[in-house]
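Notes to accompany the following structure.
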Amino acid sequence: MGRMAAHTGQIVTWNDIMNSNHEFAPEVDKLTMTSPAPLQLQPDGKYPVPQPGLVKDREY
């Protein structure tokens with residue numbers, strides 16, 4: 001709840017989390033030592049960062 005609240009800039013309740021279909025680590029069960037990193041460099045050479053209050057439906 002805290003992570004989602006911090007990353008989205010919204011109040012997140014227990015019911016919000018329990019009824020959410022958000023995956024904090026999509027397909028984590030398929031990651032291997034040779035898998036690409038879940039977050040990739042953007043064209044500007046930087047990694048995406050949370051944008052609280054601007055991006056409200058996901059973390060990045």
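A few points about this structure:
- Computed extension gain for residue 23 through residue 51, at 0.36 nm per residue and net of the alpha carbon distance, reaches 8.3 nm.
- Structure-based [θ]222 nm, the chain - -39500 (n - 2.57) summed over DSSP H runs of at least 4, per residue, nearest 500: -4500 deg cm²/dmol
- Trypsin sites (Lys or Arg not before Pro) restricted to DSSP loop in the chain with at most 14 other C-beta within 10 Å: 46, 56, 58
- Looking at the chain, the GluC sites (Glu not before Pro) that sit in a DSSP loop and have at most 12 other Cβ atoms within 10 Å of their own Cβ are 23, 27.
- Cα-based Rg and Dmax for the chain, where Dmax is the largest Cα-Cα distance (Å): 13.5, 38
- Positive-end residue, the chain charge dipole about Cα centroid, Cβ charges, pick of 45, 33, 55: 45
- Computing FRET efficiency as 1/(1 + (r/R0)^6) for residue 3 and residue 34, where r is the C-beta to C-beta distance and R0 is 35 Å, gives about 0.80.
- Net dipole in debye of the chain [+1 Lys, Arg Cβ; -1 Asp, Glu Cβ; about Cα centre; nearest 20]: 140 debye
Rule-based calculations on the coordinates, nothing more; no lab input. Note that the coordinates shown come from a computational prediction; the quantities given were computed from them, not determined experimentally. Every residue, glycine among them, receives a Cβ derived from its backbone with ideal geometry; neighbour counts consider all protein chains shown.
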